[in-house]
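What follows is calculated from the coordinates using simple rules that are stated; it is not laboratory data. Since the structure is predicted, the reported quantities are computational estimates derived from the model, not experimental observations. For neighbour counting, all protein chains shown are included, and Cβ atoms are generated from backbone atoms with ideal geometry for every residue, glycine included.
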Amino acid sequence: QMQLVESGGGLVQPGGSLRLSCAASGSIFSIYVMGWYRQAPGKQRELVARITRSGSTSYVNSVTGRFTISRDNVKNTVYLQMNSLKPEDTAVYYCKVDDSMGDYWGKGTLVTVSS
């Protein structure tokens, strides 16, 4: 069973930056896609960004140009650099990993953008 541990969330002012990390451990076979999702209060969970093993990336329109996803295949870790944060980015951010044995979710890390 794979475990995912997210870190890096917190409170930041509008316009500020945060970097989220998600490290995979345990039974890891072959990780295909790593991604970040978020869920704001009263809203459905949405895909924020994803990255394939080869490094191809995609983003939801609302974060394009502000967020950057990256991964370290040796450390089995995915990152989300978030710049120019807006209040509407406030949400719980979840890491998701698609492995040859299944899909796994982290428990989430809270990001609050407020002055």
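Taking Rh as the Kirkwood radius, which is the inverse of the mean 1/r over Cα pairs, what is the Rg/Rh value for the chain?
On the Cα set of the chain, Rg over Rh gives 0.96.
Full extension from residue 32 to residue 19: what is 0.36 nm times the residue separation minus their Cα-Cα distance, to one decimal in nm?
Full extension from residue 32 to residue 19 adds 2.5 nm.
Using the Cα centre of the chain as origin and beta-carbon charges of +1 (Lys, Arg) and -1 (Asp, Glu), tell me which of 112, 54, 4 is placed farthest towards the positive end of the dipole.
So the residue furthest toward the plus end is 112.
Check the stretch 37-115 and count each lysine pair with an alpha-carbon distance under 22 angstrom, considering only pairs eight or more places apart or from different chains.
Close lysine pairs found across the stretch 37-115: 6.
Set Lys and Arg Cβ to +1 and Asp and Glu Cβ to -1, take the dipole of the chain about its Cα centre, and tell me which of 35, 83, 101 lies farthest positive.
Most positive-ward Cα: 83.
Size of the dipole of the chain about the Cα centre, Lys and Arg at +1 and Asp and Glu at -1 on the beta carbon, nothing else charged, in debye to 20?
120 debye
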